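S.K.: Next up is a structure, given as C-alpha cells.
The values are calculated or read from the model by the stated rules, or taken from the named source; none is laboratory data. These figures come from a predicted structure and were not determined experimentally. Note: ideal-geometry Cβ built from the backbone for every residue, glycine included; neighbour counts use all protein chains shown.
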Amino acid sequence: MTWLTDFGAGCRDFGRLLLGHSRRYRTARLQDIATAAVRHPSPARAWVVPAINQTIRARQAVTRALWLEPRRIASRTRHRAEGHAPRCQISVLCPTRERPAGLARLIGSLLRTAHDTTRIRVLCYVDNDDRQLARYRAYAARQVGAELVVGPPIGVPATWNALARAATGDVLVMANDDQFYVDYGWDLALDRAVSEYDRRYRDGVYCLYFDGGQYPDGGADFPIVSRAWYQALGYYSTEMFQQWQAERWIFDIAERIQRLHPVPGVFVDHLHYQDYKAPFDATYQRHRLTRDKSLADQALFIRMAPEREREAERLRQFITAAATPPPPVTKEKDVPGYLMQSVRRYYCNLIDAWHYGGRTGDAHAFAELAVAQGVWDHPMQRAREHVPGLDARALHDPERFWFVAYLEQHYPQIRAEIEQVLDTSIDPVRPTTDDDGLIRHGQWKQAHLFRDGRWQEQVCAHFPVTRDLLAQIPEVTTFSPGVITVSRVAPGTHIMPHCGPTNALVRVHLPIKIPPGVWIKVGGQRLVWEEGKCLIFDDSFEHEVGHEGTEDRVVLILDTLHPDLAGDHGERLRQRRLNTEEQILAFLRDGGFARVEVRDGEVAIRPGPGMHDRLLRDMRDAGVQGARLHGADVVWNRHTAGRAQEEVTRNGMPTGIPGGDRGETPAAMRHREA
C-alpha cells in the first residue's frame, strides 16, 4: 500500500511538472516539487525527475533545431570582421561542478561562434571534492584556451573572484556551465562595444551584457566588466549572496554610475531548469535557494543599498581621478639619485600597504600615478633600485641560461637531499622574518644557502650535495649579489602582490615539490610550476603566490644577473654598489638620521639634530624613557615613583604591514624573496 501511495504521489508530481512546459505554470511551488522528488527516498517516486528530464531534453532538441541553429546561421551576416574594431583580450570566468559535459558544451559553443579564438581564455573553477574532477582535468588538458583552477568549495560568487584574480583579459565575462553561445561573431560585437566605450570613457570603467532579445521583459544577465572596473573596486563579485543577487549587485552599481550598456545582437541562451531548458540535476539542487533563503537574500540586497552606493562612489572617485590631467612627467635624470630612491621607497610602501589591505584597485592607481610622474616605466615593474636600459619583461626564456639544463639534469639529486632534510631535527628551514609582512595568511619558511655574497655554512652543512652542484654555477654565486634559498609555503598561504628591489637580477625557480592548488602570478599572468622545470622571471615585476592545496610547496630559489648586463663583472657590481649607496643616503635623509654605522655586528643609528630634539620633546610629553616594538604590541619604558616600569599596549597597525615605519631598516630593504 505504501508503494502504491508513493507511486500515485509521483504520478501527481509528474503531471504538475509537465505543466511547467507552459510558462504560466512555472512557479516557485513547481521548483519545490522537483526538489522534493529528487530527495524522496522511495523507489516508487525515483522515476519522476528522470522522466521529466527526458521531456526537457526533447524540448531542448526541438528548440535547437527549429530556432537556435537557424539563428546561428543567420548571425554570420550580422557581425562581420571587415573593418572591425581592435581586438580585446577576453577572459571568461566559469564556475562548474559535476558538469564536465555542460562545460564542454559552453566552451565548444563560444569557440565555435567566435571569429578569433586565440585571444579568448576560459578559466574554470572546479571544487577539489568534485566527483568529476578527473574528467575535468582530462578535458582541460586537451582543450586549447581552457584553464582549470581547482580549489575548495567556496560558493559560486567566491569562485568568480578567484577566477578574476587569475584573469588577464581586458574584459572579464561572467559565465556558467549552463550557457550556450548562439550568435556567430559575438567577440566581434564585444570588440566594437569595448572600442566604443573606451573612446567614450577615458577611465575605462563600464559594465556590459549580451542582449540578443533573450529578455522579453527587459533586464540583464551575466555582467561583463572592464579591467578598469575590476581594478578600481578590487573584486569582481560580492560574496554575501548565493548567486543571483551577486549579479544584481554588479548591475545595480553600474546603473548608479550610468555605465551599464548592452552588446546588442548577441544571444547567449541560459539553459536553466527553471525555464525548462535543461534537466534538473544535483548541481541545481546544491545551489538552488529555498524560498526562505531567497527572501532573506532579497531583503539583504535591499538593506545593503547604502553599501552599493558607497561602491558606486568609489568608482566615481576613480573616474574623476582619471579625468584629472596627469602631472608633468619628471625625467629621472632631472632628479638627484638619492631623491629618486626616496620617492620610489615611499611609493613602494604606499602601494604595498594598499595591497596588504586588499585594496588592489587603489594600489594599481598609485602605480599608474608613479609611472605618470616618471618614477617607473611600467606600473607592474616597481624596482626601488632601477638600472636603466635593461630589457623589461616579466618572464625570461630559460633557454637563454646555460645552467638551466644543468639544474634540471641534477634535479633528482637536489630533490632527494632537500626532502631528506625537511621535517627532521636538523631542518634549517624556518619561518621567514625578512618578508613576513608579505604574508596575508598562512606560513612561509625559508633557509638561505647563499646570501650577502657568501655561503651560509650552517645551512649548507645540511645540503652538501646541493651546495656542491650549485658551486659549479658562477652566475648564481661569484658574480651575483642575490640569494640561493629553499622556500617552503604551507597550504592556505597567500603571499600578497609585491615587487623585488632591483631589475638588475632575474629570479630562477627550480620547483622541488609542487602539489595541486599552488600558483604564482607574475606581471598579471598566472602560472603553475612544473616539478624539475625551471621558471625564470624578473621579480621587479609585481608577483604573488597562492596555495589552495593540501601539501607544502617547496622551491629552490636562485638569483642571477639580468642577461643584458654584459661586459666586465666588476663594473656591474660597482654600478650596483653605487645604487646601494644611494639607498643608504636616502634612508638617512628620509629618516632624519645623522649617522649609521656597524659596531660589533650591530647597527647603530644616530638621529640628526631635528629628530633628536623632536624625540626628546615627544618622549618628555608622553612621560616615557624608551619604547620598542614587539610584534603587534608597543612596550613603553616609564619611571613611576622612582621605579622603572614597562607598559605594553596594542599597536594600531601590525608591524608587518609594509611602510609601517617612517624610515625603513636595512633588513626591511633586503630583497623580498617570494
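S.K.: Could you please find all residues in the range 526-548 being among the acidic types (Asp, Glu), assigned to a strand (DSSP E or B) and surrounded by 19 or more Cβ atoms within 10 Å (Cβ to Cβ)?
M.R.: Glu544
S.K.: Those residues that are within 18 Å of Thr560 (Cβ to Cβ) and in a loop (DSSP other than H, G, I, E, B), I need them from the range 428-455; list them, please.
M.R.: Once the filter is applied, which keeps residues that are within 18 Å of Thr560 (Cβ to Cβ) and in a loop (DSSP other than H, G, I, E, B), the range 428-455 yields Asp452, Gly453.
S.K.: Can you tell me which of (1) modelled with pLDDT under 80; (2) surrounded by fewer than 15 Cβ atoms within 10 Å (Cβ to Cβ) is the one Gln625 doesn't meet?
M.R.: Failed condition: (1).
Every residue, every condition in (1) β-branched (Val, Ile, Thr); (2) within 18 Å of Gly532 (Cβ to Cβ); (3) assigned by TED's automatic domain parsing to the domain that holds Gly500, yes or no:
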{"position": "His410", "(1), (2), (3)": "no, yes, yes"}
{"position": "Ile414", "(1), (2), (3)": "yes, yes, yes"}
{"position": "Ser425", "(1), (2), (3)": "no, no, yes"}
{"position": "Ile439", "(1), (2), (3)": "yes, no, yes"}
{"position": "Phe450", "(1), (2), (3)": "no, no, yes"}
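S.K.: Looking at this structure, is Arg440 within 20 Å of Phe541 (Cβ to Cβ), in contact with a Cys (Cβ under 8 Å, 6 or more places away or on another chain), in contact (Cβ under 8 Å) with a residue 24 or more places away in the chain and surrounded by 13 or more Cβ atoms within 10 Å (Cβ to Cβ)?
M.R.: The answer is no for Arg440.
S.K.: Sticking with this structure for a sec: Return a yes/no flag: does the range 177-194 have any residue that is closer than 14 Å to Pro95 by Cα and either outside any strand (DSSP E or B) or at pLDDT 90 or above (or both). Please lay out each step first, then the result.
M.R.: Here is the first cut: in the range 177-194, the residues closer than 14 Å to Pro95 by Cα are 177-179.
Going one step further and asking which of them are either outside any strand (DSSP E or B) or at pLDDT 90 or above (or both), we end up with 177-178.
Yes, that holds for at least one residue.
S.K.: Of the residues that sit in the range 488-525 and are in a strand (DSSP E or B) and of a type in the set (S, T, N, Q), which one is farthest from the chain's Cα centre (by Cα)?
M.R.: Residue satisfying both the conditions and the ranking: Thr502.
S.K.: Turning to a different aspect of this structure: So is Leu163 aliphatic (A, V, I, L, M), over 20 Å from Ala365 (Cβ atoms) and not in a loop (DSSP other than H, G, I, E, B) or not?
M.R.: yes
S.K.: Next question. When the residues of the range 376-427 are narrowed to those that are part of a loop (DSSP other than H, G, I, E, B) and without any contact (Cβ under 8 Å) to a residue 12 or more places away in the chain, which ends up nearest to Ser540 (Cα to Cα)?
M.R.: Residues of the range 376-427 part of a loop (DSSP other than H, G, I, E, B): 376-377, 379-380, 382-384, 386-394, 396-397, 401-402, 410, 422-427.
Filter again for without any contact (Cβ under 8 Å) to a residue 12 or more places away in the chain, leaving 402, 423-425.
On the way: Trp402: 22, Asp423: 32, Thr424: 34, Ser425: 35 Å.
Only one residue fits best here, namely Trp402.
S.K.: Of all residues in the range 63-115, which are at pLDDT 85 or above, under 26 Å from Asp170 (Cβ atoms) and surrounded by fewer than 14 Cβ atoms within 10 Å (Cβ to Cβ)?
M.R.: Gly108, Arg112
S.K.: Right, another one. Being in a helix (DSSP H, G or I), crowded, with 21+ Cβ neighbours inside 10 Å and modelled with pLDDT of 90 or more is the requirement here; does Thr485 meet it?
M.R.: Answer is no for this residue.
S.K.: Condition test on Arg131, is it assigned by TED's automatic domain parsing to the domain that holds His270, part of a helix (DSSP H, G or I) and surrounded by fewer than 18 Cβ atoms within 10 Å (Cβ to Cβ)?
M.R.: So Arg131 does not fit the description; no.
S.K.: While we're here: Within 20 Å of the chain's Cα centre (by Cα) and at pLDDT 90 or above: which single residue out of Tyr197, Tyr230, Tyr206 fits that description?
M.R.: Tyr230
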